[in-house]
Amino acid sequence: MMSASAPASADVLIVIPCLNEEANLSRLLDHFLADAPSAEIVVADGGSTDRSHAIVRDFQHRHPNLPLIDNPRRIQSAGVNLAVTTMGRGRKWLLRVDAHCDYPAGYMAGLLDSAARHEASSVVVPMITTGRDCFQRACASAQNSLIGTGGSPHRHIGEGRFVDHGHHALMRIDLFLAVGGYRENQSHNEDAELDLRLQAAGARIWLEPRQAIVYHPRKTPLALLRQYFRYGDGRARTMRLHGTKLKARQALPLLVPIALAMLLLAPFHPLFALPALGWASICLFYGLLIGLKARSHCVAASGVAAMLMHLGWGAGYLYQQFRPRPSDRRLPALVLR
C-alpha cells in the first residue's frame, strides 16, 4: 500500500465540515494531522456556538496547515464547496471527512492507493454504525441490518467494486469543480446527487471495503426520525432533479406513512389496520431475533429504531413530492478563487 508520504499528502485537500462538533474535533484533528502531515486540512465551520472554534485555534498554534474558514450557508455541501474553491488550487484530490465518524489508520494513503490501482476518479467507502448508549446500539443494529438498509452496498463490508454511490471519501478536484460541486440548497442526499453528475461526466466510482469507517448514530428517537425525514426528502429531490427511479429497497418505506394513515379508517373496518400491524410485527420480530442473537435487550429494540427510520424516510420522500419542482437542474462549474 502507498505510504502517507509528503508528496502524496501535498496533493490532497482534506475538508471537515463542522457545526458544534467540540466532542469530535480534537480526535479527528489528531488523527488526520498524524495520518496526512503535509495535506491542507480545512475546517469549514457553519456557525458553531460551542468550543469548536477554540479547539481549531489551539491546534493552529502547532500546525500551520490547518485553516479555519466560516461557512455562512451552514450546511455541509456549501462548506465543502467553499473550502475547495478557496483552498483547492494546486491540489489534485479532495478528501471529505465527516465529524460523526471514526477513521482507520492510513485512511488517506489507502484511498490514494485504491484510486491509483483501479484508475478511479472517486473512491467511496462502506460505513458501519456503532452505538455507545442503549438507544444508539439499537440504531446501530438496525442500520447494519437488512431491515434498516435494504442491502445497500456501502452499509456493509463486502467486495471492492465499481458502484453508483457510496459514502464520500476521495474524489478528483478537477471533476468536482467541472460538474459544479455539491448542490448547495440540498442538505441531505447531496452526495448521491453529486455522484449522478460525476458519472454523467465519465467518473469511475470505486467502493473500497478496506477503508470502512465507523459512524455514531443519533442519540434520541426524535433525532433519528428527523434525520431520516431529511434523508427521504433529499432522496426525493435527487430523483426529481435527475428523473431517476427508486430501487425496491427505497420504495418500500413509502408504504409506511400510507399504512399508518389507513389506521384512521380502522374504526370503520379492522382490515384497514392490517398493513400497519403487519409492518410493525415484522420489524419488532426481526429486532427481537437480532437482540436474542446478540444477547442484548438494547439490540432487541432495533426493530423500533428501524420503524422510526422507515417512517421518517417515507414521510420525507412523500413530503418532497408534493412541493414545487426544483428548477436548478444544471449547475455551473465551480471556479477556484
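Taken residue by residue, segment 103-115 has at least one member that is of a type in the set (Asp, Glu), in contact (Cβ under 8 Å) with a residue 40 or more places away in the chain and surrounded by 15 or more Cβ atoms within 10 Å (Cβ to Cβ).
This table checks each residue for (1) surrounded by fewer than 16 Cβ atoms within 10 Å (Cβ to Cβ); (2) in contact with a Leu (Cβ under 6 Å, 6 or more places away or on another chain); (3) in contact (Cβ under 8 Å) with a residue 24 or more places away in the chain.
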position	(1), (2), (3)
LEU271	yes, no, no
PHE285	yes, no, no
ILE290	no, no, yes
VAL299	no, no, yes
ALA306	no, no, yes
MET309	no, no, yes
GLN321	yes, no, yes
LEU334	no, yes, yes
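Scanning segment 155-204 for residues that are touching a Lys or Arg at 6+ places or on another chain (Cβ under 7 Å) and either more than 20 Å from ARG235 (Cβ to Cβ) or of a type in the set (Phe, Trp, Tyr) (or both) turns up PHE162, ALA169, ARG172, ILE173. With respect to (1) closer than 22 Å to ASP113 by Cβ; (2) modelled with pLDDT under 95; (3) surrounded by 15 or more Cβ atoms within 10 Å (Cβ to Cβ); (4) hydrophobic (A, V, I, L, M, F, W, C), the lone exception for ALA6 is condition (3).
Across segment 211-247, the qualifying residues are those that are of a type outside the set (A, V, I, L, M) and out of contact with any helix residue (DSSP H, G or I) (no Cβ under 9 Å at 6 or more places or on another chain), and the one among them that is modelled with the lowest pLDDT is LYS247.
Residues in segment 91-128 that are under 16 Å from ILE41 (Cβ atoms) and acidic (Asp, Glu): ASP98 alone.
Among the residues of segment 123-142, those identified as crowded, with 24+ Cβ neighbours inside 10 Å and within 15 Å of the chain's Cα centre (by Cα) are VAL123, VAL124, VAL125, ALA140.
The values are calculated or read from the model by the stated rules, or taken from the named source; none is laboratory data. None of these values were measured; they are calculated from a predicted model. A quick note on method: Cβ atoms are made from the backbone with ideal geometry, for glycine too, and the neighbour counts reach across all protein chains shown.
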